Amino acid sequence: MSSISFKLIFPIFNSLQSIIILILLSVIFIRIVRNIYNNTNIIMKLIVKKLQGGECCVEVMSTTYISEIKRQISNKLHIPVEEQKLLFMGRSLADEKTVQAYPLIKDGTRLNLVVKKPDGLYEASLKYFKKLGMSDVEAMNTANRLMKVVQDKFNKLSWDDIERLSMDCILDERGQSRPHVENETECDDMFNL
């Protein structure tokens, strides 16, 4: 009789055990899904420190692309996106990846910003001419001609012109403009020479 009751109870026990396991797995699955959902909607504040000095704070979500972070930095620190290189723990962050691709980035994480040296006139013009569809040789020849024209024009400038041009560049970088002076006279006119 004991073996009969065990056979009757064992299938019930087996199905009860399966139900309990399914319930536990469902609860675990729901918690994992909630955790993933909550993590993608959390706004994190990241601190971006420029190695040459200065920093800013950007607000991102885990689904934010690194390229979008660079656009925010560009708006706050006035550094062009193409000149930015973001580092985390010594490794470069890829523009096409999202924050969640780097699991160690959390709220309050500090990212390092390296400002790449912008291309010189020759390199920039070479890229531009190639983008226009010129061959490598045509682009190099055109860039060389441009450099010669610029050098010739610069050599014809007076020291006053160079100083004025330099001041305009400095003021432009600061977002300022040169104050307009009414009746600005030349030195020769001032002394009636």
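Remarks
- Verdict on Q52 being closer than 30 Å to A143 by Cβ, out of contact with any helix residue (DSSP H, G or I) (no Cβ under 9 Å at 6 or more places or on another chain) and not assigned by TED's automatic domain parsing to the domain that holds G175: yes
- The requirement of being farther than 30 Å from K76 by Cα and either loosely packed, with under 11 Cβ neighbours inside 10 Å or not assigned by TED's automatic domain parsing to the domain that holds H78 (or both) is fulfilled nowhere in region 165-178; no residue meets it.
- Some residue of region 122-138 being of a type outside the set (A, V, I, L, M), in the same structural domain as C56 (by TED's automatic domain parsing) and at positive phi: no
- Flag if V60 is among the aliphatic types (A, V, I, L, M) and more than 30 Å from R178 (Cα to Cα): yes
- Filter pass, K117 being exposed (fewer than 10 other Cβ atoms within 10 Å of the Cβ), at pLDDT 85 or above and out of contact with any His (no Cβ under 7 Å at 6 or more places or on another chain): no
- Subset of region 144-167 [among the charged types (D, E, K, R) and over 26 Å from K127 (Cα atoms)]: K156, D160, D161, E163, R164
- Test for L86: is it touching a residue at least 40 places away in the same chain (Cβ under 8 Å), in a strand (DSSP E or B) and in the same structural domain as S62 (by TED's automatic domain parsing): no
- Filter pass, D107 being in contact with a strand residue (DSSP E or B) (Cβ under 8 Å, 6 or more places away or on another chain) and either part of a loop (DSSP other than H, G, I, E, B) or under 17 Å from E59 (Cα atoms) (or both): yes
- From the list L87, L93, the one residue that fits, being buried (at least 16 other Cβ atoms within 10 Å of the Cβ), under 15 Å from the mean Cα position of the chain (by Cα) and modelled with pLDDT of 90 or more, is L93.
- Filtered residue count, region 33-80, keeping only those that are among the polar types (S, T, N, Q) and at pLDDT 85 or above: 7
- Screening the candidates I30, I73, I21 for the property of being part of a helix (DSSP H, G or I), under 30 Å from Q176 (Cα atoms), out of contact with any Ser or Thr (no Cβ under 9 Å at 6 or more places or on another chain) and not assigned by TED's automatic domain parsing to the domain that holds R174 yields one hit, I73.
The values are calculated or read from the model by the stated rules, or taken from the named source; none is laboratory data. As the structure is a computational prediction, the values presented were derived from the model and not from experiment. We place every Cβ from the backbone using ideal geometry, glycine too, and count neighbours over all the protein chains shown.
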